[in-house]
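Here is the structure we will look at, set down as structure tokens.
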Amino acid sequence: MTQAAPATVKGRSCGTCTLCCKVLKIPETDSGKGEWCRHCVTGKGCSIYDERPQRCRDFLCGYLIWDAVPDHWHPAKSRIVVVSELGFRINFTVDPGAPGRWREVPWYNEIKALAVLGFQENRQVLVTVGNKVTALLPDREVELGVVGDNEVIVTGRRPDGTWGAAKVHKDDPRMADGGTMVPLG
């Protein structure tokens with residue numbers, strides 16, 4: 001059975017925003033993170049809309065579906081696409097044309113507050129600019145650099161009680177239980 005798409009927040013739509021067509025990797029169109037999909041007409045939409053990949057049909061950014069996301073997060077304004085990934089991760093995917101945008105007020109303060117809340121709910125909070133990833137922990141940021149296709153990001157408490165984040169090979173034994181919050185040490 002196919003799961004129904006989440007409803008969009010009343011009054012919100014993509015409008016002329018096409019930032020997801022730039023910042024997200026779309027393998028079906030050979031588009032990489034940080035480069036415009038060849039089918040995107042900037043500010044208008046998809047030139048192959050009726051034949052667009054299923055990944056594009058299914059995608060709704062956090063701005064569209066989470067009413068807790070304020071209006072200033074509209075991707076065309078913020079230059080940041082909020083993405084829910086794998087059911088446990090929130091990824092703030094930043095336009096490489098404005099790489100420091102996420103560190104500006106009000107976005108930075110809200111991302112940091114979400115990192116604290118996210119860890120209370122066993123969620124990861126990441127910021128991605130192009131191919132580089134930063135994990136946000138309750139007490140600091142961890143620059144992870146480029147995360148390869150054969151790597152996963154793990155976060156959790158170290159033996160000394162501090163928070164940690166790392167990228168590990170997807171076959172790492174710590175991933176055997178399928179979790180992402182694992183002890184690091």
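The values are calculated or read from the model by the stated rules, or taken from the named source; none is laboratory data. These numbers come from a predicted model, not from an experiment. Please note: Cβ atoms are built from the backbone with ideal geometry, for glycine as well, and neighbour counts cover all protein chains shown.
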Conditions (1) assigned to a helix (DSSP H, G or I); (2) under 13 Å from the mean Cα position of the chain (by Cα) -> K33 fails only (1)
Scanning region 77-130 for residues that are among the charged types (D, E, K, R) and either at pLDDT 95 or above or in a helix (DSSP H, G or I) (or both) gives K77, R79, D95, R101, R103, E104, E110, K112
Per the filter on region 80-95, residues closer than 16 Å to T134 by Cβ, touching a Lys or Arg at 6+ places or on another chain (Cβ under 8 Å) and of a type outside the set (A, V, I, L, M) are R89, T93, D95
Requested in this report: Confirm whether N91 is surrounded by 12 or more Cβ atoms within 10 Å (Cβ to Cβ) and touching a Leu at 6+ places or on another chain (Cβ under 7 Å).
Outcome: yes
Picked from region 119-151 (must be acidic (D, E) and under 16 Å from E85 (Cβ atoms)), the residue surrounded by the most Cβ atoms within 10 Å (Cβ to Cβ) is E151
Exactly one of A76, A98 is in the same structural domain as V147 (by TED's automatic domain parsing) and touching a Leu at 6+ places or on another chain (Cβ under 8 Å), and that one is A76
Quick one: is A68 surrounded by fewer than 11 Cβ atoms within 10 Å (Cβ to Cβ) and either in contact (Cβ under 8 Å) with a residue 24 or more places away in the chain or assigned to a loop (DSSP other than H, G, I, E, B) (or both)? yes
Answer yes or no: is there a residue in region 57-65 that is touching a strand residue (DSSP E or B) at 6+ places or on another chain (Cβ under 7 Å), part of a loop (DSSP other than H, G, I, E, B) and crowded, with 18+ Cβ neighbours inside 10 Å.
yes
request  = Return yes or no: is A98 without any contact (Cβ under 8 Å) to a residue 40 or more places away in the chain and loosely packed, with under 12 Cβ neighbours inside 10 Å?
outcome  = no
When S31 is run through (1) without any contact (Cβ under 8 Å) to a residue 24 or more places away in the chain; (2) of a type in the set (S, T, N, Q); (3) in contact with a Phe, Trp or Tyr (Cβ under 7 Å, 6 or more places away or on another chain), the failure sits at (3)
